[in-house]
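Chemist: I have a structure I would like to understand better, so I am pasting it below and will then ask my questions one at a time.
The values are calculated or read from the model by the stated rules, or taken from the named source; none is laboratory data. What you see is a predicted model, and the numbers here were worked out from it, not measured in a lab. All Cβ positions, glycine included, derive from the backbone under ideal geometry; neighbour counts span all protein chains shown.
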Amino acid sequence: MTDLTRLRAAELATAITSGEVSSVEATQAHLDRIAAVEGDIHAFLHVNGEAALAAAADVDRRRAAGEQLSELAGVPVAVKDVLTTKDQPTTSGSRILEGWVPPYDSTVVERLRANDLVLLGKTNMDEFAMGSSTEHSAYGPTHNPWSTDRIPGGSGGGSAAAVAAFEAPLATGSDTGGSIRQPAAVTGTVGVKPTYGGVSRWGAIALASSLDQIGPVARNVLDTALIHDVIKGHDPKDSTSLTTEWPSFADAARLGRAGGRLKGLRVGVLKELNREGFQAGVRQRFAEVVELLTAEGAEVTEVSAPHFDYAVAAYYLILPAEASSNLARFDGVRYGLRAFAEGEQPDVENMMAATREAGFGDEVKRRIILGTYALSAGYYDQFYGKAQKVRTLIQRDFEAAFNQVDVLISPTAPTTAYKLGEKLDDPLAMYLGDITTIPANLAGIPALSQPIGLAPEDGLPVGLQTFAPAFEDARLYEFGAALEALLEQRWGGQLIEQAPALPQAAAAEGGAR
């Protein structure tokens, strides 16, 4: 008897296509799993059970009628609550949008539906994607399936936790400074930030428009590539969308798994992103991967990117500045929460102030204030303008590095998952946790995080981050899949299969066959 929730997305897709199982059976199995473990994980803000089963039944009916469907048709997927959905609430983790059901789907959701993936529901996130732990959600924190007293990363901790807890085989996320990759690292999953503009942002609730990028989350590299293939491509509704003709990322991943792709590959170890102060177990697992790559014939060299030392400071000026502008639209006038302060004159100005006071959490208010200050008269050139100049220098560092090597690698995060509440009252410490992931967003290049083992001191997952030049997302998948195949030989399977059994996991029997 095989639990359908344990199958890789590619395996599940093959089983559904062949008629071995139905999409309804697969969907019900994941809904049963959600019911069994959600009390411990809280990965979802909304579960779309009835509609999901109806969509799955439609896939089964059309396939039985002989209709040719996409490769992932009938496979369940979870959607980060930053993406608008016309049949489900979209809150971006904030009280100010509580209960709001948009009148339209985001382009990414449209593409998921057009390819007949089954939407299970919306996943939890830090409010407006501001945070690195999913503790800043207005609806309570998500818990890491490896240890439920630990953070699942952020802002996309809900999507990563849902995939790691076998509640969904696939998920979507958004990455502004690492919000796909860092949760992937601490939950033992795979997450990709595509080249900026490679996936449409239309219908994604904006945090920082020059940094935000939608991307995929899964349990292995091939599955991540398969969903990336579904959501990629030009969108005329998004003015930043690239017109690039992208290759098949799934084909690149399959090529990588076929073997022999690492010999002669030039791999750069980023000096500035592998430093003292990182957790010992993270550095140990990273060093082991460097040894493994060298043994496979890769040419590994150390590469310096000197301006990376200023990346966090630049990012936390650019992001708040753009966020303060983007979040000005949430004012209680047109949609979402509307509040009035007791004893105040009930005019528009007081209503807007009361609404934003009641609807925004502390982290959102902190960043709006910081961003407004950075953009104010007299300080724009001193802060925001200088941060943009640093951004250019970081882009040049990457260009120089890629003249020497094919890919760059670093740990995805300086530490494994820390305990819930540990950094909640220390914003600076939480911000510094993004030191490894931020440079890719500032430069607009693609980056992939994948698991490389467990830290010996706490038994929690460690992630490897790989960078490639802009437009070379396929190179990430080829490299990542080649490395994954070697690591799985060492582990005897996927690392995620070694995750400790969740409380109540034994209750998730639905969908077994």
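Chemist: Can you confirm whether residue 147 is over 24 Å from residue 325 (Cα atoms), modelled with pLDDT of 95 or more and out of contact with any helix residue (DSSP H, G or I) (no Cβ under 9 Å at 6 or more places or on another chain)?
Modeler: Working: over 24 Å from residue 325 (Cα atoms): yes; modelled with pLDDT of 95 or more: yes; out of contact with any helix residue (DSSP H, G or I) (no Cβ under 9 Å at 6 or more places or on another chain): yes.
Yes; evaluated as a whole, the condition is true for this residue.
Chemist: Look at residue 208 and say whether it is modelled with pLDDT of 95 or more, under 25 Å from residue 316 (Cβ atoms) and within 8 Å of the chain's Cα centre (by Cα).
Modeler: Here the answer is no, as residue 208 does not meet what is asked.
Chemist: Go through the stretch 139-158 and give me each residue that's surrounded by fewer than 23 Cβ atoms within 10 Å (Cβ to Cβ) and out of contact with any Leu (no Cβ under 9 Å at 6 or more places or on another chain).
Modeler: 140
Chemist: If you check every pair at least six apart or on different chains, which have Cβ atoms under 7 Å apart with a residue in the stretch 413-434 that is among the aromatic types (Phe, Trp, Tyr) first and a residue that is assigned to a helix (DSSP H, G or I) second?
Modeler: Taking only residues 6 or more apart or on different chains, the pairs are 431/312; 431/316.
Chemist: A further question follows. Condition (residue is out of contact with any Cys (no Cβ under 9 Å at 6 or more places or on another chain), at pLDDT 90 or above, surrounded by 12 or more Cβ atoms within 10 Å (Cβ to Cβ) and within 30 Å of residue 399 (Cα to Cα)) applied to the stretch 346-368: is it met by at least one residue?
Modeler: no
Chemist: Picking from 373, 384, which residue would you name as being touching a residue at least 12 places away in the same chain (Cβ under 8 Å), in a helix (DSSP H, G or I) and farther than 21 Å from residue 153 by Cβ?
Modeler: Testing whether each residue is touching a residue at least 12 places away in the same chain (Cβ under 8 Å), in a helix (DSSP H, G or I) and farther than 21 Å from residue 153 by Cβ leaves just 384.
Chemist: Here's another thing I want to ask about it. Filter the stretch 357-370 for residues that are among the small types (Gly, Ala, Ser) and in a helix (DSSP H, G or I) and give the result.
Modeler: 358, 359
Chemist: Related question: Residue by residue through the stretch 111-126, note down the ones that are under 30 Å from residue 362 (Cβ atoms) and assigned to a strand (DSSP E or B).
Modeler: First, the residues of the stretch 111-126 that are under 30 Å from residue 362 (Cβ atoms): 121-126.
Residues satisfying the conditions are 121, 122, 123.
Chemist: Kindly indicate the residue of the stretch 73-129 that is among the basic types (Lys, Arg) and out of contact with any strand residue (DSSP E or B) (no Cβ under 8 Å at 6 or more places or on another chain) and also surrounded by the most Cβ atoms within 10 Å (Cβ to Cβ) among those meeting that condition.
Modeler: Looking at the filtered set, the residue picked out is 111.
Chemist: Let me ask another. Quick test for you: out of 99, 93, pick the one residue that is without any contact (Cβ under 8 Å) to a residue 24 or more places away in the chain, among the small types (Gly, Ala, Ser) and within 26 Å of residue 332 (Cα to Cα).
Modeler: On inspection, the qualifying residue turns out to be 99.
Chemist: Quick one: which of 364, 405 is within 16 Å of residue 325 (Cα to Cα) and not aromatic (Phe, Trp, Tyr)?
Modeler: 364
Chemist: Residues of the stretch 90-110 being under 21 Å from residue 213 (Cα atoms) and part of a loop (DSSP other than H, G, I, E, B), which ones?
Modeler: Correct list: 90, 91, 92, 93, 94, 102, 104, 105, 106.
Chemist: Counting just the residues of the stretch 159-185 that are among the aliphatic types (A, V, I, L, M) and in contact with a Ser or Thr (Cβ under 6 Å, 6 or more places away or on another chain), which one comes out surrounded by the fewest Cβ atoms within 10 Å (Cβ to Cβ)?
Modeler: Here the residue is 164.
Chemist: A follow-up question, please. So, residue 197, is that one within 25 Å of residue 10 (Cβ to Cβ), in contact (Cβ under 8 Å) with a residue 24 or more places away in the chain and assigned to a loop (DSSP other than H, G, I, E, B) or not?
Modeler: Criteria not met by residue 197.
Chemist: A follow-up question, please. Just to be sure before I move on: is residue 122 of a type in the set (D, E, K, R), in contact (Cβ under 8 Å) with a residue 60 or more places away in the chain and farther than 25 Å from residue 497 by Cβ in the structure I sent? Spell out the reasoning first.
Modeler: Details: of a type in the set (D, E, K, R): yes; in contact (Cβ under 8 Å) with a residue 60 or more places away in the chain: yes; farther than 25 Å from residue 497 by Cβ: yes.
Yes, satisfied.
Chemist: Moving on to the next point. Would you check if residue 394 is assigned to a strand (DSSP E or B) and closer than 30 Å to residue 280 by Cα?
Modeler: So residue 394 does not fit the description; no.
Chemist: Can you go through 451, 439 and tell me which one is in contact with a helix residue (DSSP H, G or I) (Cβ under 7 Å, 6 or more places away or on another chain), farther than 19 Å from residue 312 by Cβ and surrounded by 16 or more Cβ atoms within 10 Å (Cβ to Cβ)?
Modeler: 451
Chemist: Could you please give the count of residues in the stretch 265-318 that are in contact (Cβ under 8 Å) with a residue 24 or more places away in the chain, more than 27 Å from residue 129 (Cβ to Cβ) and among the hydroxyl-bearing types (Ser, Thr, Tyr)?
Modeler: 2
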